[in-house]
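Visitor: Pasting a structure here, questions to come.
Only the coordinates and a few stated rules stand behind these numbers; no lab work does. Here the structure is a predicted model, which is why all the values come from computation and not from measurement. Note that each Cβ is placed from the backbone with ideal geometry, even for glycine, and that neighbours are counted across all protein chains shown.
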Amino acid sequence: MEFTEKALVLKVGRFRETDIWTRLFCAGHGVVTAFAFGGSKSTRRFCGCLDPLVLATFRVGGNKRGTYHVLEEGTLLHGFPGLRVSPRKLGMVVHCLKFVEAVQIGPQGAKPVFDLLLETLETLENHEVGAELLPMLFKAKLTFDQGLKPDLALCVRCGKLAEDHADAGHNAVAFSVERGGLVCRQCGDFEAQPFSLGAARVLEWISHSRPADWPKLDLEPEIRRQTGRVVDRFVAYHLGLRWENGIYRKI
Ligand SMILES: [Zn+2]
């Protein structure tokens, strides 16, 4: 059960007098809970590592029966000072961290999500990302990368090219969360959300983008609204998670 790897601290809590529990996102093992016994006193073993939003290399062991993880020691790599000084950026980061925790990333496929999260944090620390777009971009990219990318080129019912309806303007297509993609006007689907080809192109761009590209994205308010609403509904339907009052609820 013992391993040493890079991890981002998602949450920290105290129990008993000097003991600390942490929720870590480990690059190879995904999200794990680990206990640092005596952690609040031991500056030698955990110097600066036991705080949320800290990137560190941790040596993780287990108890004798192998039923839980024990943090043996940590080496601080980066504390993201540029994010901590901005309440606005910190709010966006907290949203992303809660999402990662809620998705319950296990060892399978942890590394790409870990890399996505780190690049997101580094981008936001060093650049501006427009108008609170970051959590939406992160959620969409993470969800699409899980093999859940919607079909954004063809109508999911009749198979015609969505771009063929471009003349119809703003209401050319709709988005069906249940069917996982665009529905053209002819096929009409009362359950589908009004959507535009512009918003579909934005989702397509997000699926091919990486966080370093995100600072250059600037969206019109209507496109932003449509994209954000569809991403939230898509995440709710396919991952069973809804953002409510500052936390992700399983639905
Ligand atoms: Zn159709």
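Visitor: Please sort 137-145, 44-52, 181-189 by packing, taking for each peptide the average over its residues of neighbouring beta carbons within 10 angstrom, highest first.
Guide: In descending order of packing, they fall as 137-145, 181-189, 44-52.
Visitor: Moving on to the next point. How far apart, in nanometres, would the label points at residue 208 and residue 14 be if each is projected 7 angstrom from Cα along the Cα-to-Cβ direction?
Guide: Those two pseudo-labels are separated by 5.2 nm.
Visitor: Go through 58-64, 22-28 and give me the packing order, highest mean Cβ count within 10 Å leading.
Guide: Result, highest mean Cβ count within 10 Å first: 22-28, 58-64.
Visitor: Toward the positive end of the charge dipole of the range 130-251, about the Cα centre and with charges on Cβ (Lys, Arg +1; Asp, Glu -1), which of 186, 230, 198 goes farthest?
Guide: Farthest along the dipole direction, towards plus: 230.
Visitor: Given the rule -39500 (n - 2.57) for each run of at least 4 DSSP H residues, summed and divided by the residues of the chain, what is its mean residue ellipticity at 222 nm, to the nearest 500 deg cm²/dmol?
Guide: Per the formula, -10000 deg cm²/dmol.
Visitor: From the residues 153, 251, 135, which one has its Cα farthest along the dipole of the range 108-251 in the positive direction, the dipole being from +1 and -1 charges on Cβ of Lys/Arg and Asp/Glu about the Cα centre?
Guide: About the Cα centre, the residue reaching furthest to the positive side is 251.
Visitor: Between residue 63 and residue 251, what is the spin-label point distance in nm, taking each point 7 Å from the Cα along the Cα→C-beta axis?
Guide: 3.7
Visitor: Let me test this: with uniform point scatterers at the alpha carbons of the chain, what is the Debye-based log₁₀ I(q)/I(0) at q = 0.09, 0.11, 0.12 1/Å?
Guide: Taken in order of the listed q values, log10 I(q)/I(0) reads -0.46, -0.64, -0.74.
Visitor: Another question, if that's okay. In Å, what Rg and Dmax follow from the Cα atoms of the range 130-251?
Guide: Looking at the range 130-251, its Cα Rg and Dmax stand at 14.0, 41 Å.
Visitor: Let me have the relative contact order for the chain, percent, based on Cα pairs under 8 Å that are six or more residues apart.
Guide: Relative contact order, the chain: 14 percent.
Visitor: A follow-up question, please. Could you give the distance between the Cα centres of the range 76-92 and the range 26-75, to the whole Å?
Guide: Spelled out, the Cα-based centre of one part sits 21 Å from the other.
Visitor: Another question about this same structure. At a 10 Å Cβ-Cβ cut-off, how would you order 243, 214, 205, fewest neighbours first?
Guide: Details: 243 17, 214 21, 205 13.
Ascending number of Cβ neighbours within 10 Å: 205, 243, 214.
Visitor: Under the rule that an exposed site lies in a DSSP loop and has at most 13 other Cβ atoms within 10 Å, name the longest stretch of the chain with no GluC sites (Glu not before Pro) of that kind, not counting the sites themselves.
Guide: Result for the longest clean stretch: 18-127.
Visitor: While we're looking at this one, here's another question. Just list whichever of 111/139; 6/139; 11/98; 6/111; 98/250; 6/250 have alpha carbons separated by over 18 Å in the model shown.
Guide: 6/139; 6/250
Visitor: What whole number of Å gives the distance from the Cα centroid of the range 176-251 to the Cα centroid of the range 93-126?
Guide: Value for the Cα centre distance between the two parts: 19 Å.
Visitor: Okay, moving on. Counting other beta carbons within 10 Å of each residue's own, what order do 85, 129, 173, 94 fall into, fewest first?
Guide: Result, fewest neighbours first: 85, 94, 129, 173.
Visitor: Find how much the distance from residue 51 to residue 119 grows on full extension, using 0.36 nm per residue of separation minus their present alpha carbon separation; answer in nm with one decimal.
Guide: Stretched out fully, the residue 51 to residue 119 stretch lengthens by 22.5 nm.
Visitor: Moving on to the next point. Fewest Cβ neighbours within 10 Å first, please rank 196, 207 accordingly. Could the numbers behind the result be given before it?
Guide: Working: 196 22, 207 15.
Going from sparsest to densest Cβ surroundings: 207, 196.
Visitor: Can you list the aspartates and glutamates whose alpha carbon is less than 19 Å from that of residue 160, not counting same-chain residues fewer than 8 positions off?
Guide: 151, 178, 189, 204
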